1. Exactly one of (1) under 26 Å from Thr163 (Cα atoms); (2) within 16 Å of the ligand (Cβ to nearest atom); (3) assigned to a loop (DSSP other than H, G, I, E, B) is unmet by Gly50. Its number?
2. Answer yes or no: is there a residue in the range 133-142 that is at pLDDT below 95, surrounded by fewer than 18 Cβ atoms within 10 Å (Cβ to Cβ) and either among the charged types (D, E, K, R) or farther than 29 Å from His82 by Cβ (or both).
3. Any idea which of (1) within 16 Å of the ligand (Cβ to nearest atom); (2) under 17 Å from the mean Cα position of the chain (by Cα) is the one Gly183 doesn't satisfy?
4. What pairs come out if I take residues in the range 13-35 that are more than 15 Å from Val134 (Cα to Cα) and in contact (Cβ under 8 Å) with a residue 24 or more places away in the chain and pair them with residues that are of a type in the set (Val, Ile, Thr) and within 10 Å of the ligand (Cβ to nearest atom) whose C-beta lies under 9 Å away, six or more apart or interchain?
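The values are calculated or read from the model by the stated rules, or taken from the named source; none is laboratory data. Source: prediction; values computed, not measured. Cβ coordinates were reconstructed from backbone atoms using ideal geometry, including for glycine residues, and neighbour counts include every protein chain displayed.
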Amino acid sequence: MAQKSKIEWTETTWNPITGCTKISEGCTNCYAEVMARRLCAMGQPKYKNGFNVTLHPQCLDEPLKYKKPHLIFVCSMSDLFHKDVPDEYIQKVFETMNKAGQHTFQILTKRSERLRKMSPKLNWTPNIWAGVTVESGKQKIRIPDLTATGAKIKWLSVEPLLTAIDDLPTDGIDWVVVGGESGPKARPMKEEWVLPIRDKCLETGTAFYFKQWGGLNKKVAGNLLQGEKWEQMKAIFNDESITDIPEENIDNIINKTDSVHISDNSFDSDTTKLLERLNKLEVENNNMRNKLNEMFNNITVPEELKNDTAIPPTEPDIESLVNEFLNSEESITGRHFKEFNTEATLMVSFGI
Ligand code: SF4
């Protein structure tokens, strides 16, 4: 069973490579370096080379051992596109991700040039997200490299946010995570740097995740932005995903599917927008369609939603929305799909 990660925006990590070298200002207080040195001192065999780039071919098939679908951060202790990682090894990492269609993989790199260069040689199955770190305005140059890749889901890690970033380009970007640095040497982050990024994401329909303020005690500083939590995730769906998943994995996903939530505090103005989004999805697999039908028939509308007089949220509204969803034309995902909207949220979870 995969170990739960402490990183808020993922579930678990997979490290077929460890070690790295610093490349930009975001690396100054690299958490992976501190951890690697500590694990080396503790005699952990995987970290016997400390923070030097080390390949671990014995870990390449690790995700294939997890039956239950997971959201997996790839190379949390390294950078997959580091110059010391051979092309062939990166391709092997991709081969595992291609085979493990039940999982969703989150890649993150600061080596965007190499990412771009290698992209045509990689098989970007829909379960692989590609992301680049943009810790300051200077690093916006990494974004065109990302958008040139074949990844279906593209994301930005704006962490640690070190300066104001003028006009962060979020068009064509599916998900943005923002966070401040934590630890004893944390560099401070200002609210006025974060808000324009959030607003830009709202403008372009990009999911926005505010991870933390950071600082010496990140728990105390918390993750409220003007009193609100922002933990939007990217919907995981596209045209091809379900056809890529082996039948036995689909059954597995269906068996573990146990929750449908409609949670909301204003179901009015954005219902149409939400419908449009849901129309993009189709449940091609009959089993999954039946299972979803069954679940949707048992939806209960939260009391607070029913009682909100400012809006007309009635059960038939939700039913018709769900029917639209079930009758629409595209396919739904491997692991789960979550559709978040700032004002209306329909969330379906498969086995998480
Ligand atoms: S790229 Fe990431 S892992 Fe490598 S040194 Fe920088 S922060 Fe650390």
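1. Every condition holds for Gly50 apart from (1).
2. Of all residues in the range 133-142, those at pLDDT below 95 come to none.
Among the residues of the range 133-142, not one is at pLDDT below 95, surrounded by fewer than 18 Cβ atoms within 10 Å (Cβ to Cβ) and either among the charged types (D, E, K, R) or farther than 29 Å from His82 by Cβ (or both), which makes the answer no.
3. (2)
4. Hits for this filter: Ile17/Val53; Thr18/Val53; Gly19/Val53; Cys20/Val53; Thr21/Val53; Ala32/Thr18.
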